[in-house]
Ligand code: SF4
């Protein structure tokens, strides 16, 4: 069985840790190694995944058709109303446009699409080639905004100028330009914005319902099931609650600086983090409404009473099984480590595309001895670690799925393609059920690595 050592590039050795072998020393938050085939996406893709769920906006990709195809319907984020976000538009730049410039084509595409679809706002994404030829997106957007009377926002997301994290920043800057213009007179003191949830399978509706039961009004979903008018009023909320900190933390910081809106980091995954997030929010509002803590405790108690007996059933069979986690932002990984522990399972590998030193330190603290912690990994490394640790289930996104299936390892999609909500107390039950059915499936007895035993 491979130890994994042979597939690790020399230049990447300091991005991989084995807990218990030396202290914490992780070199992360840097550019991907050229040729290592990183699992990370480009800057443009980072912007696209954040802004995509704004359902009543037009999303126009200014670039060759390949960039639009790469992110076509990328999140499948659910909307309770309009679904314009699910149509992906591109200027489809050709050789002639590259030579003579694509601004005229962009202007024509924008005006035609706005006339045809009447969006509340338009986002125009810059891609690699647009950064190279130097089309003035800002000028075209300003001209069309003045003519059509809606916000037209350039997203400076040229793919080559960094990694996915820069894309999140470009998306945050574009959204921030919408804020501050809406009427906030009807917003009550107990109000918040939900940042960093993308409503992939209806999660935001679960979380909003918890906030309703606590007596808190949600002003804007940023960005799952998002609306332009809500974003324009978001500065009127008393609090920002930020999940998936990599994606929208920059927006929370900008709102704090400009509007004085405080923010809390939360996670809606797993029992511990979901409960603690609700309690944190209740503590924040306690001075304004002393009854909120009591309502929150009642909510958590009601949900846990339903959930725990069901979890115990799954735990009986899952105890001792091994899990691996590789996700975009490390924040989700913290909750997953705790969720697997609740199911009696052992996390033997955990990594992320965009974690910071602080994130990895926290992972180091909460994981067991021997756990591999990896930053910005690639398919070769991940395959090698999965084999070395003889993992029963791998949790990741669309790019990790084929790695698991080729090795004959169970897989749980915790990203764009999932159809069952995994957040909230009901999400923990869905997660446990899915992990149980994947891990316990008899099919794994027939895969080559298990048959060889
Ligand atoms: S923006 Fe650049 S890196 Fe991203 S998909 Fe387009 S060509 Fe590829």
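The values are calculated or read from the model by the stated rules, or taken from the named source; none is laboratory data. Keep in mind the model is a prediction, meaning the values are calculated, not measured. Note that each Cβ is placed from the backbone with ideal geometry, even for glycine, and that neighbours are counted across all protein chains shown.
Remarks
- One residue stands out among those in the stretch 61-77 that are away from the ligand (no atom under 14 Å from the Cβ) and buried (at least 16 other Cβ atoms within 10 Å of the Cβ): the one that is nearest to residue 136 (Cα to Cα), which is 75.
Here's the yes/no breakdown for (1) closer than 25 Å to residue 164 by Cα; (2) in contact with a helix residue (DSSP H, G or I) (Cβ under 9 Å, 6 or more places away or on another chain); (3) away from the ligand (no atom under 13 Å from the Cβ):
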{"site": "92", "(1), (2), (3)": "yes, yes, no"}
{"site": "101", "(1), (2), (3)": "no, yes, yes"}
{"site": "109", "(1), (2), (3)": "no, no, yes"}
{"site": "112", "(1), (2), (3)": "no, no, yes"}
{"site": "122", "(1), (2), (3)": "yes, yes, yes"}
{"site": "126", "(1), (2), (3)": "yes, yes, no"}
{"site": "130", "(1), (2), (3)": "yes, yes, no"}
{"site": "134", "(1), (2), (3)": "yes, no, yes"}
{"site": "137", "(1), (2), (3)": "yes, yes, yes"}
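- Of all residues in the stretch 105-136, those that are crowded, with 19+ Cβ neighbours inside 10 Å and over 30 Å from the mean Cα position of the chain (by Cα) total 1.
- Among the numbered conditions (1) buried (at least 21 other Cβ atoms within 10 Å of the Cβ); (2) within 17 Å of residue 385 (Cβ to Cβ), the only one that residue 37 does not meet is (1).
- Each residue in the stretch 69-103 was checked for being under 13 Å from residue 129 (Cα atoms) and part of a helix (DSSP H, G or I), and 7 of them qualify.
- Tabulated pairs, the stretch 56-70, first free of Cβ contacts under 8 Å to residues at least 60 places away in the same chain, second outside any helix (DSSP H, G or I) and within 14 Å of the ligand (Cβ to nearest atom), C-beta under 7 angstrom, 6+ apart or interchain: 65/90; 65/92; 68/61; 68/88; 68/90
- Single unsatisfied condition, residue 165 versus (1) within 16 Å of the ligand (Cβ to nearest atom); (2) at pLDDT 95 or above; (3) under 16 Å from the mean Cα position of the chain (by Cα): (2)
- Scanning the stretch 304-338 for residues that are part of a loop (DSSP other than H, G, I, E, B) and surrounded by 17 or more Cβ atoms within 10 Å (Cβ to Cβ), we see that the one that is modelled with the highest pLDDT is 321.
- Lone qualifier among 146, 139 - being without any contact (Cβ under 8 Å) to a residue 24 or more places away in the chain and surrounded by fewer than 24 Cβ atoms within 10 Å (Cβ to Cβ): 146
- Residue in the stretch 39-46 that is within 15 Å of the ligand (Cβ to nearest atom) and within 19 Å of residue 349 (Cα to Cα) present: yes
- Being more than 11 Å from the ligand (Cβ to nearest atom), within 26 Å of residue 202 (Cα to Cα) and not in a loop (DSSP other than H, G, I, E, B) is not true of residue 17.
- From the list 189, 290, 262, the one residue that fits, being in contact with a strand residue (DSSP E or B) (Cβ under 8 Å, 6 or more places away or on another chain) and more than 26 Å from residue 417 (Cβ to Cβ), is 262.
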